[in-house]
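Read-outs throughout are calculated quantities, based only on the coordinates presented, and are distinct from any laboratory measurement. Keep in mind it's a predicted model, so treat the numbers as computed, not measured. So basically every Cβ, Gly included, is an ideal-geometry build from the backbone, and we count neighbours across all protein chains shown.
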Amino acid sequence: MCGIVGYVGDGQATPFLLEGLTKLEYRGYDSAGIAVYDGKSIRVEKSVGRLVSLKEKIAGNEPSGMVGIGHTRWATHGRPSDLNAHPHTDCTGDFVVVHNGIIENYMALKEDLIKKGHVFKSETDTEVIAHMMEELYNGDFEATVRDVLNRIDGSYSLVFMSRRDPDRLICTKQDNPLVIGLGEGENFIASDIPAIISRTRRTYILNDGEIAVIRKDSVWVTNREGEPITKKVFEVNWNAEAAEKGGYEHFMLKEIHEQPKAVRDTMSARLAKDDSAVVLDELKWNEDFLNSFHKIFIVACGTAYHAGLVGKYYIERLARIPVECDIASEFRYRSPIIDDCTLTIVISQSGETIDTLAALKEAKRLGSKTLAVTNVVGSSIAREADQVIYTWAGPEIAVASTKAYTTQLIVMFMLALYMAGIRRTLPAARIHELIGKLRQIPAQISETLEDVEPIKTFAKVYGFNEDVFFIGRSLDYDVALEGSLKLKEISYIHAEAYAAGELKHGTLALIVEGIPVIALATQKSVYEKTLSNIKEVKARDAVVIGIAAANDTELEKYVDHVIKVPETDELLIPLLTVVPLQLLAYYAAITRGSDVDKPRNLAKSVTVE
Ligand code: M6R
């Protein structure tokens, strides 16, 4: 989850490195550093804190040179500090490396290197790699990199730089992303596309185990055995502006407002013109294929897991196949009962979340068919799964996921309808009706976004409370979980989501006078019961903000405030009720002065277990 950049070319490296790191800072931001070859030696500059600290440190004395690497860190081994910041060097300063991931066997390697006289400066796992380069160097940079790679275990993307071979960078990856940007007389390396998109759209996406030797006018890719690989150029089809803030104060707010478009893009080409069916050309499933599954697993982390919970509801309700939804980091350690009669669906915005990737690999190993729902074309998860459905949300930069969630719900809904069509578990008229309602969702999200003033007021009034509860039943509970995660993640308010009926089994003890409770009440079958639960918290003098559909005239009688969203089918209403919760989290974070796009301790893409 760190950010990596590299440059080899005719131009100065430092401006690209700093520009690229700025774009990647969302991946980690507790320290940053760059290394540039100046014609004689490799100058390394690093600083704890945000990238701006590094920029201030080198202002007026920027490293000069045409080959360089850079890194922005999210600490795993060793606290954030100047010394633990990357790049890391060997004892001589001839070998420099940046790394994203974890070297699992670094302790044994480190002990061995120390015995051989190497002196370590940092607490990181990464530094062993630089010292191994020094120890094993045999006059051949590339061969030494291979030798090092054969001795390390773990997950990584790595870029190597050598003073002895200063015309090239070598990079490789295992379970972590890395792309190579192809320029004219210059080439780029980055852990994510936003870092290079202002320079080139032509990229090679590196696969696990591939090793690339990058000079200013060539990129040579081989496998671990040294056999050449012909890479296909992947043209990035989104522009630099899509990865910028576009006038919004924060990426999160921009991405919240991009939801109508993201949702429309994700669904439009996949709905039959006459609304008779969902058309998922990427799957081409048939009844026999679907009937071969006795169970579906949905596996994901964080917000994507919350989308999975809604997906479970959709598939069970519409397609009538049993579904288990699990947190990826739990899934593979609980010995799930998986065989070739199961389908495992993993959901991941980034397509790089290591827990989700590992769960996917485990499901495959046990014989499950696999499907990935992801936003990033060519990501590790997209490549590992048997089949992929992409959410067309565009780049999501803010750590707090918003448009990824709504597009994931759209995909899960379409998938459930698609399955229902094949299995004939739903009348054609109902499919037609639901697709019609689905088409209205983008405009209804826009409408919901317009009603922001009351939310800003609530955020100001209640934003300094230290505890907030979210309650709901059925799909409302799933959305409550997402609203609560969003609030705690960026405003640092302690927020808990409870199935409304479960409150009285313990949590009600925490409800005291003035505590804000956000109550979602949109699901008809449990509406009366939710009202009873709302009365229970009101009786303890909680302040209740209700979330209801526009045609609801009942809820306002029992709560202190109501936020209404446009009327739609109750299956689709999570796509609308989540929007005020996203905005509430955003404005509460603003009220409290937290760093919305880069909340403390977190990073956008979690590529460590
Ligand atoms: O990239 P992924 O969808 O796999 O990420 C999963 C979670 O890390 C992510 O949703 C996280 O919970 C977000 N920061 C929540 O806003």
Worksheet item: If you take the C-alpha gyration tensor of segment 453-592, multiply each eigenvalue by 5 and take the square root, what semi-axes do you get, largest first, in whole Å?
Response: 20, 18, 13
Item to complete: Determine the sum of side-chain charges near ALA307: Lys and Arg each +1, Asp and Glu each -1, restricted to other residues whose C-beta is under 9 angstrom from that of ALA307.
Response: -2
Fill in: Extended-chain gain in nm, criterion 0.36 nm per residue less alpha-carbon gap, LEU366 and ASP112
87.7 nm
Response to the item:
Rounded to the nearest 0.05, FRET efficiency between GLU235 and ASP386 (Cβ-Cβ, R0 30 Å) equals 0.75
Worksheet item: Tell me which lysines have Cα within less than 17 Å of LYS564's Cα, excluding those fewer than 8 residues away on the same chain?
Response: LYS456, LYS524
Worksheet item: Please state the relative contact order of segment 254-444 as a whole percent: Cα pairs under 8 Å, 6+ residues apart?
Response: 31
Item to complete: Work out how much length ALA429 to GLU528 would gain on full extension: take 0.36 nm times their residue separation and subtract the Cα-Cα distance, in nm to one decimal.
Response: 32.8 nm
Worksheet entry | Two-site label geometry, LYS284 and ARG79: point separation in nm, points 7 Å out along Cα→Cβ | 5.7
Worksheet item: Per-residue ellipticity at 222 nm for the chain, helices alone: DSSP H runs ≥ 4 residues times -39500 (n - 2.57), over residue total, nearest 500 deg cm²/dmol?
Response: -10500 deg cm²/dmol
Worksheet item: If the chain between GLN440 and ASP569 were fully stretched, how many nm would it gain, using 0.36 nm times the residue separation less the Cα-Cα distance?
Response: 45.4 nm
Discussion item. With both bridge residues required to lie in the chain, what share of the DSSP beta bridges run antiparallel, to the nearest 5%?
Written reply: 60
Fill in: Pairwise label distance in nanometres, ALA269 with THR92, each label 7 Å out on the Cα-Cβ vector
5.2
Worksheet item: Angle between the Cα long axis of helix 574-592 and the longest principal axis of the chain, 0 to 90 degrees, nearest 10?
Response: 60
Discussion item. Give me the tail of P(r) for the chain as a percent: Cα-Cα pairs with distance above 40 Å.
Written reply: 31
Response to the item:
Share (percent) of C-alpha pair distances in segment 223-318 greater than 19 Å works out to 70
Worksheet entry | Residue order, fewest to most surrounding Cβ atoms within 10 angstrom, among ILE152, ILE129 | ILE152, ILE129
Worksheet entry | Those aspartates and glutamates that a straight Cα-Cα span of less than 13 Å connects to LYS232, excepting residues fewer than 8 apart in one chain | none
Practice prompt. Relative to the longest principal axis of the C-alpha atoms of the chain, give the angle of the C-alpha long axis of helix 527-538, reported between 0 and 90° and rounded to the nearest 10°.
Written response: 80
Worksheet entry | VAL52-LYS261 pseudo-label distance in nm [points 7 Å out on the Cα-to-Cβ vector] | 2.7
Worksheet item: Highest mean first, what order results for 405-417, 430-442, 386-398 on Cβ atoms within 10 Å?
Response: 405-417, 386-398, 430-442
Discussion item. Using the Cα centre of the chain as the reference point, and only Cβ charges (+1 on K/R, -1 on D/E), how large is the resulting charge dipole? Debye, rounded to the nearest 20.
Written reply: 320
Worksheet, complete the sentence: Relative contact order in percent for the chain (Cα pairs under 8 Å, 6+ apart) equals 12
Worksheet item: Residue farthest toward the positive end of the dipole of the chain, with Cβ of Lys/Arg at +1 and Asp/Glu at -1: which of TYR333, ILE298, VAL596?
Response: ILE298
Worksheet item: Over 19 Å between Cα atoms, which of LYS46/LYS121; LYS245/LYS403; LYS361/LYS403; LYS231/LYS369 qualify?
Response: LYS361/LYS403; LYS231/LYS369
Discussion item. What is the angle, in °, between the Cα long axis of helix 475-491 and the longest principal axis of the Cα atoms in the chain? Nearest 10 is fine, range 0 to 90.
Written reply: 40
Item to complete: Take PHE331, PHE297 and order them by how many other Cβ atoms sit within 10 Å, fewest up front.
Response: PHE297, PHE331
